[in-house]
Amino acid sequence: MPLGGATWNTFPPAGSMTAREFFAGCTPLLQGVIDASLEFDRGVLDDQIRATLSPGTRESSLPLTEGSRANGELVAQARVVGDLIAGWAAEALDELLDKPMALPGGPLAIRSNCDGHLLTHEAADMLLGRRGGPVGMQLYNEWLHQMVLLRDALLPFTNAAEVPLHVTPAGLRHIEPARERFLAEALFRQIRHGSVVAFAHQAITGAPADTETPAGLDAEPAGHSRTAAYGFDHDGGTVLPAVVGASPVTAPAYLLTWHPASPGAVPTAYVTETADYFAAPRTLVEELPAPAGKMPPPGAARVVPGPARGGVRTARIEIGMEGRGTVSVDLGQALRGHRYAYHQPTEVSLRPATDGPEADRGRPADGEWPSRSKVSAGAALAADGLLWTREGDVAVEAGAVDGLVLLALLGKIYPENVVLRRGAGSAAPVTVGKQGPSRFVIDLAG
């Protein structure tokens, strides 16, 4: 069916598109707006899309503030993706004004539901005043809402331009219920990582996470809640937290990365081995056996997925240890450790941190509890269960370990009061973490 009339796209009944491909499929709506305007002003619509997609403006479609660490990552991602889409819009407007798109089916005229997006004063005057009218306003409303849905569908992903989004003849409107739940949770509480994964699953597969497979996103396998999955496989790709393959010091804790894979993968959710880490076996650092000699540093690490059973699977980080074979750590627990860890600022500050599970409350003025013991990264990784302490600070000498080894180390320590400290000498005060004598400080080189 040719473009024109009520037909504004040629999207298939169901398919996958990158963000740029989807954007291109929506450009007939912009052409319709141009055709329906008596005195079209390109700059007005350029300003409008930037105002709508930018957090913090009067016209913003994303009422989030940075607040928690999770929200901060989402707001920063919204700025990046919003700027990308706004740049495409500016290019498209220039191209359509220079070379109008043919609409063989006649001028576009559609009915678009009001989605409550606030217009700038200039856009309202152009679209609703003497220069506009209901036809152009309806077309622009649909285009603007599809761009908002596109921005929000890409919020979970660090590599937004590469992600294959599920698209239907209604564009991305199928994600509206999931988007509303996702943003409501981010607005009224600190969003759960599993909720980010569930929304990403909806955006890529089109399958509502509360009604369809894979399990782990819709059920409660082995004691896991519906939002327990930290990643998933789908036909054509795998989605895992961005920190897998990156530095835990700089990688976001809540965002994801899409990885291409061979078509035909069975839909599978990645879940932690232990749903409740409070009940996981632990080893006191004070009870670790004294090393017979200097513990060699950890060797190379890799992520090894387990077999898929009933729509779920686990994965482990395997690390070669000289003279000790291989040790492995559950990837899900390592990701918990990364999300819960505190990050010591490079420049020491006595202001409490807010990016861990709880802000520091009432820490002594000198910023540091007395250090009682040290443990090497190798000894920590070789310990049974989760490492913890009832004593004073424990310094974990990690040095220059690579990203996966550091992630595994975060998965071996009970994740309640763990601090990552980079480029600070052992005598420098630690100013983040919870009040109390059971803190682990992982000292990193550089």
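The values are calculated or read from the model by the stated rules, or taken from the named source; none is laboratory data. Here the structure is a predicted model, which means the values were calculated and not measured. Reconstructed Cβ throughout: ideal geometry from the backbone, glycine too, with neighbour counts over all protein chains shown. Just the protein is used for accessible areas: all its heavy atoms, side chains included, with ligands, DNA and RNA removed. Shrake-Rupley method; radii C 1.70, N 1.55, O 1.52, S 1.80 Å.
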message: If I filter the stretch 187-200 for residues that are under 18 Å from Val81 (Cβ atoms), in contact (Cβ under 8 Å) with a residue 60 or more places away in the chain, assigned to a loop (DSSP other than H, G, I, E, B) and open to solvent by 20 Å² or more (accessible area, probe 1.4 Å), do I get at least one hit?
response: no
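For the stretch 5-60, give me each residue that is part of a loop (DSSP other than H, G, I, E, B) and of a type in the set (Gly, Ala, Ser).
Ala6, Ala14, Ser37, Ser54, Gly56, Ser60, listed by residue number.
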**Asked** Among the residues of the stretch 131-141, is there at least one that is of a type outside the set (Phe, Trp, Tyr), in a loop (DSSP other than H, G, I, E, B) and surrounded by fewer than 19 Cβ atoms within 10 Å (Cβ to Cβ)?
**Response** yes
*What do you reckon, is Arg79 without any contact (Cβ under 8 Å) to a residue 60 or more places away in the chain and more than 20 Å from the chain's Cα centre (by Cα)?*
no
In the stretch 283-313, residues that are within 19 Å of Ala383 (Cα to Cα), surrounded by 16 or more Cβ atoms within 10 Å (Cβ to Cβ) and modelled with pLDDT of 80 or more total 4
Flagged in the stretch 156-175 as assigned to a loop (DSSP other than H, G, I, E, B) and closer than 18 Å to His259 by Cβ, in numbering order, are Pro156, Thr158, Asn159, Val163, Pro164
Restricted to the stretch 71-95 and to residues being touching a Lys or Arg at 6+ places or on another chain (Cβ under 8 Å) and among the hydrophobic types (A, V, I, L, M, F, W, C), the residue nearest to Val33 (Cα to Cα) is Leu93
Checked Gly87, Gly56 against criteria (free of Cβ contacts under 8 Å to residues at least 40 places away in the same chain, loosely packed, with under 15 Cβ neighbours inside 10 Å and on the phi > 0 side of the Ramachandran plot); the one match is Gly56
| query | Quick one: would you say Arg79 is open to solvent by 30 Å² or more (accessible area, probe 1.4 Å), in contact with a helix residue (DSSP H, G or I) (Cβ under 9 Å, 6 or more places away or on another chain) and more than 22 Å from Leu256 (Cβ to Cβ)? | reply | no
Exactly one of Arg351, Arg422, Arg363 is open to solvent by 30 Å² or more (accessible area, probe 1.4 Å), at pLDDT 65 or above and not polar (S, T, N, Q), and that one is Arg422
How many residues of the stretch 8-20 are open to solvent by 20 Å² or more (accessible area, probe 1.4 Å) and under 22 Å from the mean Cα position of the chain (by Cα)? The answer is 4
### Query
Does the stretch 408-421 include one or more residues that are farther than 21 Å from Gly325 by Cα and among the acidic types (Asp, Glu)?
yes
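Residue by residue through the stretch 261-274, note down the ones that are open to solvent by 30 Å² or more (accessible area, probe 1.4 Å) and without any contact (Cβ under 8 Å) to a residue 60 or more places away in the chain.
Residues satisfying the conditions are Ala261, Ser262, Pro263, Gly264, Ala265, Val266, Thr274.
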Check: Is one or more of the residues making up the stretch 154-161 surrounded by fewer than 23 Cβ atoms within 10 Å (Cβ to Cβ), closer than 25 Å to Ala76 by Cβ, among the aliphatic types (A, V, I, L, M) and more than 15 Å from the chain's Cα centre (by Cα)?
Finding: no
